Amino acid sequence: MNPSLRTENLTIRFGGHAAVNDVTAAFQPGELTVIVGPNGAGKTTWFNLVSGQLTPTSGRIFKGETEITRLSPSARAKSGVGRAFQLTNLFPKLSVRENIRLVVQARAGKGPDVFRSAARLADINAETEEHLASSRLASVADLPASALPHGDQRKLEVAMMIAMKPDIFMFDEPTAGMSSAEAPAILDLIAAIKQDRSKTILLVEHKMDVVRALADRIIVLHNGELVADGKPDEVMAMPIVREIYLGQGAEDVA
């Protein structure tokens, strides 16, 4: 099977510092890969390179067989690369329903006039309601996004990314800032995406319970370099991983 996404010798330098250094990796459909490492390891920077927020100093990025290294973030999103950020990326004054419907109609290629005739567009409305239900947001559908608690804002962002119907899902610490009661709803959404074996999921995460619950594979970055790559139990048993993971002892990755 051909990789759905790969990076070749991906590098970015800020001055004399290589934040990501010569990272080569390939990802398959049906695979959920968790990227871990200590603070400053280059995880989010690597994500930003793949999704287009940063331009590499050298190296290349491919989606399937198509090089996307120089595509804009919006062009990558249209090609099927979906990205959720550590901070929510919503339309705060619009309702939850309107946030999702905007994504659905944009994907359908409809213009901005669609809002004025939305009542007639049964297909767009029906799909919007499906996303509201599956993300457990139907009860707050008419509230402005800014009025939602943090956990529901994160659910809305994931629902909007699902509505884009990307091939590749990228989550940067999806449970950051969420309580232990809120986090399972996000993890359930990601687990549901994982059931579709045509999708590729990349997840930056530091909570080991999340990693163990979801990961098919773990990649470890340290000082911008890929230092381990494999199945979760194998990676977490590696001495180098035990030594560097969050700069703490073996009990933290046991």
- Message: With angles folded into 0 to 90 degrees, how steeply does helix 96-107 sit against the dominant principal axis of the chain? Use alpha carbons for both and round to 10.
- Response: 80 degrees
- From fewest to most C-beta neighbours within 10 Å, the residues H150, H131, H206 line up as H150, H206, H131
- Query: Can you sort F91, F27, F171, F14 so the residue with the fewest Cβ neighbours within 10 Å comes first?
  - Reply: F14, F91, F27, F171
- the stretch 1-64, relative contact order [Cα under 8 Å, separation at least 6], %: 46 percent
- Query: Cα centroids of the stretch 217-243 and the stretch 22-53: how far apart, whole angstrom?
  - Reply: 13 Å
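Just order 134-142, 92-100 by mean Cβ neighbour count inside 10 Å, highest at the front, would you?
Descending mean neighbour count gives 92-100, 134-142.
Under 8 Å for C-alpha pairs, at least 6 residues apart: give me the relative contact order for the chain, rounded to a whole percent. Please report the intermediate quantities before stating the final value.
Values: 458 pairs, mean separation 70.0, N = 254.
It comes to 28 percent, rounded to a whole number.
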- Message: Using the Kirkwood formula on the Cα atoms of the stretch 98-231, what hydrodynamic radius do you get, in angstrom to one decimal?
- Response: 16.4 Å
- Quick one: which of 45-53, 178-186 comes out on top by average Cβ neighbours within 10 Å, and what's the full order, highest first? 45-53, 178-186
- Average Cα contact separation per residue, the stretch 125-249, under 8 Å, 6 or more apart, as relative contact order %: 17 percent
- Note on the structure: Taking every alpha carbon pair in the chain and sorting the distances into 5 angstrom bins from 0 up to the bin holding the longest one, the percent per bin comes out as 1, 6, 13, 17, 18, 16, 13, 8, 5, 2, 1, 0, 0
- Message: Let's test this: bin the Cα-Cα distances of the stretch 208-247 at 5 Å from zero up to the farthest pair and state each bin's percent.
- Response: 6, 24, 35, 25, 9, 0
- Could you check what % of the DSSP bridge pairs in the stretch 119-254 are antiparallel, to the nearest 5? 50 percent
- Query: Could you list log10 I(q)/I(0) for the stretch 154-254 at q = 0.18 Å⁻¹, which the Debye formula gives when each Cα is one point scatterer?
  - Reply: -0.92
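Each reported figure results from applying straightforward, stated rules to the coordinates on display, with no laboratory input. What you see is a predicted model, and the numbers here were worked out from it, not measured in a lab. Using ideal geometry, Cβ is built from the backbone for each residue, glycine included, and neighbour counts are taken over all protein chains shown.
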